Each structure stands twice: as C-alpha cells, then as structure tokens.
1. Among (1) in a helix (DSSP H, G or I); (2) within 20 Å of Leu164 (Cβ to Cβ), where does Leu13 come up short?
2. For the stretch 197-215, what are the residues that are in contact with a strand residue (DSSP E or B) (Cβ under 8 Å, 6 or more places away or on another chain) and in a loop (DSSP other than H, G, I, E, B)?
3. For Asp96, work out the one condition from (1) on the phi > 0 side of the Ramachandran plot; (2) crowded, with 19+ Cβ neighbours inside 10 Å it doesn't fulfil.
4. Any idea which of Ser146, Ser116 is of a type in the set (Gly, Ala, Ser) and either farther than 19 Å from Ala34 by Cβ or without any contact (Cβ under 8 Å) to a residue 12 or more places away in the chain (or both)?
5. Do you know which of the residues in the stretch 155-167 that are open to solvent by less than 20 Å² (accessible area, probe 1.4 Å) and touching a helix residue (DSSP H, G or I) at 6+ places or on another chain (Cβ under 6 Å) is nearest to Thr29 (Cα to Cα)?
6. Examine the stretch 203-224 for a residue that is more than 22 Å from Pro2 (Cβ to Cβ), within 15 Å of the chain's Cα centre (by Cα), touching a residue at least 60 places away in the same chain (Cβ under 8 Å) and open to solvent by less than 30 Å² (accessible area, probe 1.4 Å), and state whether such a residue exists.
7. Which one is surrounded by the most Cβ atoms within 10 Å (Cβ to Cβ) among residues in the stretch 120-130 that are among the small types (Gly, Ala, Ser) and in a helix (DSSP H, G or I)?
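The values are calculated or read from the model by the stated rules, or taken from the named source; none is laboratory data. Treat the numbers as computed from the prediction; the structure is a model and nothing was measured. In this analysis, Cβ positions are derived from the backbone assuming ideal geometry, glycine residues included, and neighbour counts consider all displayed protein chains. Accessible surface is based on the protein model in full, side chains and every heavy atom, while ligands, DNA and RNA are left aside. Shrake-Rupley method; radii C 1.70, N 1.55, O 1.52, S 1.80 Å.
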Amino acid sequence: MPLPDSPEILAILLDVEGTTTPIDFVFKTLFPFAGARAEGFLRRRSNDAEIKQLIAELRSTWSGAAASGAPVWIESTPEEKLASTAAYVRWLIARDSKITPLKALQGKIWEEGFRSGELKGEVYPDVSPALTRWRDQGRRIAIFSSGSVLAQKLLFANSAVGDLSPFLEAYFDTTTGPKREPSSYQRIGAALGLPAQRLLFVSDAEAELDAARTIHLHTAHSLRPGITPLSKPSHPAIRTFDELFP
C-alpha cells in the first residue's frame, strides 16, 4: 500500500516500542530496572500521597488478576502491604501489563534512573534525523505510548543521542484511552486541533493501526528488526523513518 501524500499530513503521531525505540531496550533494560527497584522505591516513598494513591489503584486491579495467577496480596501490616504491592508489580511487569497505575509507577522508578544517569533512552539511528527533517518541513510531532507521559518525556529528553524533546509537541498515554480504541485517536486529534485526515500514526501493532484507521487517520506499519510483517497488507509498511517524507 502507498504512503499518504506528503502535503496532506500536518502531524505525525509515533508509537515508542518497536517504532522509535528497540523492543529489547524496553524488555531487557527498562522492565528489569523497574522490577528490581520496585520494592525499594515503594518503601522510600510509601508516605507520599501520590504513591499511596498508586498503591490503592494497583490493589483495586488485583482482584481481577488473582484468578489469572497473580501473587497473593496480604496487607495485615504495612510491611506486608508493601511486599505484596512489589510482588504484584513484578508480576504485572513480567506480563507487559498496560494498566495505568503500573505505567505511572514504572515512570517514577525510571525517573530516578534517568536523573542519576543509570538509564539513557535508546532510539533507532534514523529517529533524530527524521525528527529534524519533519520539523523543518513544518510537521508537528507527538507521541502515543502505553508508557506514561513521564516515561516518554524522560526517554526522549535523556536519549543516548541527546535531548530530543524540543522536536515533540505533545505526549499521550493510556490516560487518553487504550491504544486499541478508536476514541483514543479522536481525543488526540481534538487535543492537537487537527482532523483525523491530517494525522499519520506509526506503530508496530496492527490492532492499534486498525483503531486509528477506523476514524480515518493515515497509518504506517513500523517493520523494525524483529517485527513480523502483517498477514494482510492493510497498512503501508516502513522499515525506517527515512521512507517517511524524505
């Protein structure tokens, strides 16, 4: 399938994992970092109102997860509650759960890593040149990821190739809505003040692209290394951002 005509696209909405950033960085660096530090972080910050709220939100999701094998949750003492929360967080991370309180907590743990220099955001080599090119063409650029807005900002502001945040106008996460729901893309279009036909969404996930296409966004399937081609070519494929508006 052909890519959309260049003049029609005023803004580019980018997924992160498998689109701007290698999947291995997420699964082999970010997830283990959060899992290993979750309990210590919760103990240090357990009195913060925001962390208390996240713990409560995680607890509210646990009942539904218990039937799927989630670890037991014991909170007869504060110590047991913190240990149970951390164990549940690690269980969710291992399953790549997309629930909002987990993503918010991960973002806060990663924040410490980025601030200390332990973490550097990884992006594909073509990302920085593409962001520069699209900005010079007058296109607006935004991010839509299941990772929290905080995590997105940290990754791009602290990337291994420098601060990429000046290129990015807006960030959207699951507080906007699920990535597989068309209504989420309606909200993003409204937030950007653009009709769907002026937006291009790039992702490695077919269900997300289908949802965006439902409300008439243009789409492109990110075929980075390790991504499986679609069985039906319902979305134009790109292997590098060099193919987008060169």
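1. Leu13 satisfies all of (1) in a helix (DSSP H, G or I); (2) within 20 Å of Leu164 (Cβ to Cβ) except (1).
2. Asp204
3. (2)
4. Details: Ser146 fails: either farther than 19 Å from Ala34 by Cβ or without any contact (Cβ under 8 Å) to a residue 12 or more places away in the chain (or both).
Of the residues listed, the single one that is of a type in the set (Gly, Ala, Ser) and either farther than 19 Å from Ala34 by Cβ or without any contact (Cβ under 8 Å) to a residue 12 or more places away in the chain (or both) is Ser116.
5. Start the filter on the stretch 155-167 by keeping residues that are open to solvent by less than 20 Å² (accessible area, probe 1.4 Å), which leaves 155-156, 159, 164.
Then keep just the ones that are touching a helix residue (DSSP H, G or I) at 6+ places or on another chain (Cβ under 6 Å); that gives 156, 164.
Values: Phe156: 15, Leu164: 20 Å.
Across the stretch 155-167, the extreme among qualifying residues is Phe156.
6. No, there is no match, as no residue in the stretch 203-224 is more than 22 Å from Pro2 (Cβ to Cβ), within 15 Å of the chain's Cα centre (by Cα), touching a residue at least 60 places away in the same chain (Cβ under 8 Å) and open to solvent by less than 30 Å² (accessible area, probe 1.4 Å).
7. Kept after step one, since they are among the small types (Gly, Ala, Ser), are these residues of the stretch 120-130: 121, 128, 130.
Adding the requirement that they be in a helix (DSSP H, G or I) leaves 128, 130.
Details: Ser128: 18, Ala130: 24.
So the residue we want is Ala130.
For (1) part of a loop (DSSP other than H, G, I, E, B); (2) within 13 Å of the chain's Cα centre (by Cα); (3) surrounded by 21 or more Cβ atoms within 10 Å (Cβ to Cβ), each residue gets a yes or a no:
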| residue | (1), (2), (3) |
| --- | --- |
| Arg90 | no, no, no |
| Leu102 | no, yes, yes |
| Glu112 | no, no, no |
| Glu118 | yes, no, no |
| Thr132 | no, no, no |
| Gly138 | yes, no, no |
| Gly147 | yes, yes, yes |
| Lys153 | no, yes, no |
